[in-house]
Amino acid sequence: MAAPTEHMTAVCAELESWVTEDWRVEELRGADGVRRITELFRQPEYREAADEKIFTLILRILSKALQEIQTQIVPSVEHWFDLTAECFRCLRNACVQCPPNQNTIRNIGLIEKATSLITFFSTSDYSQESCLVAFRCGLQFLGNVAGGNKNSQNSIWKHAFPHLFLNCLTHEDDKVSAYASMVLYTCMDEDKMADLLEPANLNISLGIITAYSRRSDAEWLYVLQAVVPLCSLFYVVLLLTTYVLVDRLTLLELILSKIIEKSSLTKTEMTSLQQIAEFLSDCFQKQSKAVLILVSPGEGEEEEALVVIRLLDLLCEMTSDADHLTCLQSCPGLLETVVDTLRLTHLAGKQSKNVFTSTHSASLGSDLTHAAVGFKAHLIRLIANLCYRNRENQDKICQIDGIPLILDNCSIDDNNPFLNQWAVYAIRNLTEHNEKNQELIASMERQGLADTTMLESMGLHVQERDGKLVLKSVKKK
C-alpha cells in the first residue's frame with residue numbers, strides 16, 4: 001500500500017500547486033492533474049489510498065468552476081465545463097465500492113456543491129456539448145456516491161428533491177433523464193416514497209411517467225416506473241385528469257402491469273385498488289363512446305379512443321381477480337355501458353367497412369398492433385366477468401337484450417382473437433343457475449334466432465322436457 005499512497009501524495013501535490021496559483025495560468029495543467037487522479041481511481045488500491053486532501057482540492061475546483069460558469073459568457077467558460085466534467089469523473093471513480101470515500105466526499109460538502117452545479121446545468125441555456133457532458137457526469141457521480149450508502153442518499157435527497165429530479169427527468173437529453181432515474185431509484189426508500197405521495201410533489205411522478213413514455217427501453221426508467229406509487233386514489237385521479245394524453249396512456253399501462261404482476265403490489269396498493277377500480281369504471285362509462293372515432297378517424301384523433309381501450313383492458317384484468325371483482329360487479333351503470341358499447345361497435349361494423357367489421361381475411365387481423373384489435377372480444381370478456389355468479393347482473397343482461405347481442409358475436413373474427421371463446425364463457429356465466437336465461441336461449445333456437453351449430457360449438461344443445469325448452473351441456477365423448 002505504500003507505493004499507491006506515495007504516488008497519490010505526489011499527484012495531489014502537483015494539483016495543489018496549480019490550485020494555489022492563478023486559476024487562469026496553465027489551465028491544461030489543472031485538467032491534466034485531475035485526469036491523472038481519475039485514472040488512478042480506477043484501481044481499488046488507489047481509491048483506498050485517497051485522503052481528504054484530494055477531495056478538498058476537487059471541492060475548491062468545483063466551487064471556482066461554478067463561480068466562473070455563472071459569471072462568464074461563451075466561449076470563455078468552455079474549459080470550465082471540461083474541468084467540471086473531469087472532476088465529476090474523478091469523484092465517480094473514487095466512490096466505486098469505497099464507503100470511506102463516499103463518506104469523506106459527503107462530509108466535506110461535495111454532494112451539496114455537485115447538486116448546485118447540476119441544478120445550474122439543468123436550467124441554463126448553454127447548448128455546447130461540453131456542458132451536457134459535465135451535466136451527465138455529475139449525475140453519474142451522484143449515483144455512485146449514493147450506492148449502498150444511506151447517509152449519502154439522504155444528503156442527495158435533501159439537496160436535490162424535488163427540483164433537480166424534476167428538471168432532469170423532463171430534460172430533452174435521454175441520457176440525462178436516464179441517469180436522473182438511476183439516482184432517484186438508488187435514493188428511494190419507504191420514507192422517500194411518502195414524499196412522492198405529497199400533492200405538491202405530483203410532478204415528480206409525472207416526470208417519471210413522461211420520461212418512461214419517451215424511452216420505455218431505458219433500463220433505469222423501466223426499473224423506476226415500477227416503483228411509482230399508485231396507492232392513492234387521489235393520486236391516480238390527479239394523474240389521469242391533469243396530464244397530457246400520451247402520459248395518461250403510460251399511466252394506465254403502469255397500473256395494468258402492476259395488476260398483472262400482482263406480487264409487486266404493496267398491501268396499501270391492494271387495499272386502495274378497489275377505490276381506483278371504481279374510479280376507472282366511472283372513467284370508462286364517461287369516455288366509452290370515444291372509441292367510435294376509430295370508425296373514421298381523422299389525423300391525430302385516435303388518442304381518446306386509445307384511452308378507452310386501455311381502460312377496458314384494465315377493467316378486464318381487475319374483474320379477473322376475486323379481490324376486485326365484487327366491487328366492479330356492483331358499480332352502477334358499468335354493465336349497461338359495456339353492453340351499449342358492444343352494441344354500438346357491432347352495429348358500426350355492419351353499417352360500413354371499418355375497424356369494427358368482422359373479417360376472416362388477414363387484412364386487419366394480421367396487424368395485431370392496431371388499436372381496435374380485440375376490443376369487442378374484451379367487451380364480451382368483461383360482460384362475462386361481471387356476470388360471474390352474480391344473479392343480478394345475469395338478469396340485467398336479459399333485460400337489456402344483451403344475450404342476442406352476445407350470440408351474434410359468436411363467430412371467428414380475425415380482428416378479435418378468441419372472440420368465440422369469450423362468448424362461450426359469457427353464455428356459460430349468464431346461464432349458470434339461471435333458468436330464465438337458459439329458457440331465453442332455448443326459445444331463440446326454436447325460433448331460429450340462435451344457430452344450432454353455434455350453440456353446439458359452445459358445448460350446448462336444446463332439449464324439450466315436460467313441455468319446456470331446456471339448455472343443456474353437451475357431454476363430451
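The values are calculated or read from the model by the stated rules, or taken from the named source; none is laboratory data. Keep in mind that this is a model prediction, so the values were computed, not measured. All Cβ positions, glycine included, derive from the backbone under ideal geometry; neighbour counts span all protein chains shown. These area figures cover heavy atoms from the full protein model, side chains too; ligands, DNA and RNA do not enter into them. Shrake-Rupley method; radii C 1.70, N 1.55, O 1.52, S 1.80 Å.
Cβ separations smaller than 7 Å between residues 6+ apart or across chains give the following pairs from the range 85-112 residues that are under 9 Å from Phe55 (Cα atoms) and touching a residue at least 40 places away in the same chain (Cβ under 8 Å) to residues that are in a helix (DSSP H, G or I) and among the acidic types (Asp, Glu): Thr104/Glu52; Ile108/Glu52. Remark: pairs (first residue in the range 49-74, more than 15 Å from Ala31 (Cβ to Cβ) and small (Gly, Ala, Ser); second residue open to solvent by 40 Å² or more (accessible area, probe 1.4 Å) and not in a helix (DSSP H, G or I); Cβ separation under 8 Å; 6+ apart in sequence or on different chains) = Ala49/Met1. Selection of the range 179-201 for residues being assigned to a helix (DSSP H, G or I) and open to solvent by 20 Å² or more (accessible area, probe 1.4 Å) yields Tyr179, Met182, Tyr185, Thr186, Glu190, Asp191, Met193, Ala194, Asp195, Pro199, Ala200, Asn201. No other residue among Val246, Val237, Val227 is surrounded by fewer than 22 Cβ atoms within 10 Å (Cβ to Cβ), over 10 Å from the mean Cα position of the chain (by Cα), at pLDDT below 65 and of a type in the set (A, V, I, L, M) apart from Val246. If I filter the range 409-425 for residues that are open to solvent by less than 20 Å² (accessible area, probe 1.4 Å), acidic (Asp, Glu), at negative phi and out of contact with any Lys or Arg (no Cβ under 7 Å at 6 or more places or on another chain), do I get at least one hit? Yes, that holds for at least one residue. Here His324 meets the list (1) of a type outside the set (D, E, K, R); (2) in a helix (DSSP H, G or I); (3) over 23 Å from Ile400 (Cβ atoms); (4) at pLDDT 85 or above almost entirely, failing just condition (4).
Would you confirm whether any residue within the range 115-136 is within 17 Å of Glu219 (Cα to Cα) and either modelled with pLDDT of 95 or more or surrounded by 21 or more Cβ atoms within 10 Å (Cβ to Cβ) (or both)? Checking the range 115-136: at least one residue is within 17 Å of Glu219 (Cα to Cα) and either modelled with pLDDT of 95 or more or surrounded by 21 or more Cβ atoms within 10 Å (Cβ to Cβ) (or both). Scanning the range 375-404 for residues that are open to solvent by 10 Å² or more (accessible area, probe 1.4 Å) and either over 36 Å from the mean Cα position of the chain (by Cα) or acidic (Asp, Glu) (or both) turns up Arg391, Glu392, Asp395, Lys396, Cys398, Gln399, Ile400, Asp401, Pro404. Just one of the numbered conditions (1) among the polar types (S, T, N, Q); (2) surrounded by fewer than 21 Cβ atoms within 10 Å (Cβ to Cβ); (3) closer than 21 Å to Cys387 by Cα is not true of Thr319; which one? Going through (1) among the polar types (S, T, N, Q); (2) surrounded by fewer than 21 Cβ atoms within 10 Å (Cβ to Cβ); (3) closer than 21 Å to Cys387 by Cα one by one, Thr319 breaks only (2).
Here the range 41-96 is the region considered, the condition is being closer than 26 Å to Ser124 by Cα and not in a helix (DSSP H, G or I), and the residue that is modelled with the lowest pLDDT is Val74.
Looking only at the range 137-178, residues that are open to solvent by 30 Å² or more (accessible area, probe 1.4 Å), closer than 20 Å to Gln102 by Cβ and either touching a strand residue (DSSP E or B) at 6+ places or on another chain (Cβ under 6 Å) or part of a helix (DSSP H, G or I) (or both) come to 7 in all.
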